[in-house]
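These notes concern the structure reproduced below.
The values are calculated or read from the model by the stated rules, or taken from the named source; none is laboratory data. Since the structure is predicted, the reported quantities are computational estimates derived from the model, not experimental observations. Because the Cβ atoms are built from the backbone with ideal geometry, glycine has one as well, and the counts that use them run over all protein chains shown.
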Amino acid sequence: EDKVVQSPLSLVVHEGDTVTLNCSYEVTNFRSLLWYKQEKKAPTFLFMLTSSGIEKKSGRLSSILDKKELFSILNITATQTGDSAIYLCAGSSAAGNKLTFGGGTRVLVKP
Amino acid sequence: EPEVTQTPSHQVTQMGQEVILRCVPISNHLYFYWYRQILGQKVEFLVSFYNNEISEKSEIFDDQFSVERPDGSNFTLKIRSTKLEDSAMYFCASREQGARYGYTFGSGTRLTVV
């Protein structure tokens, strides 16, 4: 059975801090690893990682995939209160392309 | 930016009743999905749909569930006889052809079975 595990479950930081979120996966016929931000309802897409060792960046967010060790990290630098959300990691499989989600990391950024 | 649209945003139904959740995927997307998230739990895959047929379904997606793309734009999830444990947020998602494209999620329908 496919499995995605995220850590930590939650964290509280202050504005300006850097956070690192972890995601490990075991997905049959693995294709890619996706990160989403969930604030109130719909997960909003952040990154899709397919190749190992290549960092993707978008503003203060960056992510990297290690396909040998089966994990990914999401970094947020200079955090702002608007970064407060649940961050979801999901692995996609080549067969059917379904996403298997982790339980999420709840991030609270205090002013 | 193109969106996946879901209606209604919230539906309350009596146990045993049929419900239809509606989704309008992004127009040039070819793959469609339903996921659900029970309060406080993980987002769970239900079903994927491509080329007018189900390509994969989970154990959750039993005979009580069905999907349809009735008119080339809408994508619906029907639950024939709702149970209390069907109460959840249901998300529709779609994506383009090709491995390098991410999935776009709709804002969800919160289904409450009473």
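So which residues in the stretch A:56-111 are within 14 Å of another protein chain (Cβ to nearest Cβ), part of a loop (DSSP other than H, G, I, E, B) and more than 15 Å from the chain's Cα centre (by Cα), if there are any at all? If the condition is that a residue be within 14 Å of another protein chain (Cβ to nearest Cβ), part of a loop (DSSP other than H, G, I, E, B) and more than 15 Å from the chain's Cα centre (by Cα), then A:Ala94, A:Ala95, A:Gly96, A:Asn97, A:Lys98 are the ones that fit. Restricting the stretch B:49-69 to residues that are in a strand (DSSP E or B) and within 14 Å of chain A (Cβ to nearest Cβ) leaves a set whose member that is modelled with the highest pLDDT is B:Val67. Filtering the stretch B:1-19 to residues that are within 14 Å of the chain's Cα centre (by Cα), of a type in the set (Val, Ile, Thr) and part of a strand (DSSP E or B) leaves B:Thr5, B:Thr7, B:Val19. Of note, B:Gln14 does not satisfy the criterion of being surrounded by 12 or more Cβ atoms within 10 Å (Cβ to Cβ), more than 10 Å from every other protein chain (Cβ to nearest Cβ) and farther than 15 Å from B:Phe91 by Cα. Considering the stretch A:34-76, the residues that are among the β-branched types (Val, Ile, Thr) and out of contact with any helix residue (DSSP H, G or I) (no Cβ under 8 Å at 6 or more places or on another chain) include one that is nearest to A:Ser7 (Cα to Cα), namely A:Ile73. Residues in the stretch B:70-106 that are surrounded by 17 or more Cβ atoms within 10 Å (Cβ to Cβ), in a loop (DSSP other than H, G, I, E, B) and either in contact with a helix residue (DSSP H, G or I) (Cβ under 9 Å, 6 or more places away or on another chain) or touching a residue at least 12 places away in the same chain (Cβ under 8 Å) (or both): B:Thr82, B:Ser87, B:Tyr103, B:Gly106.
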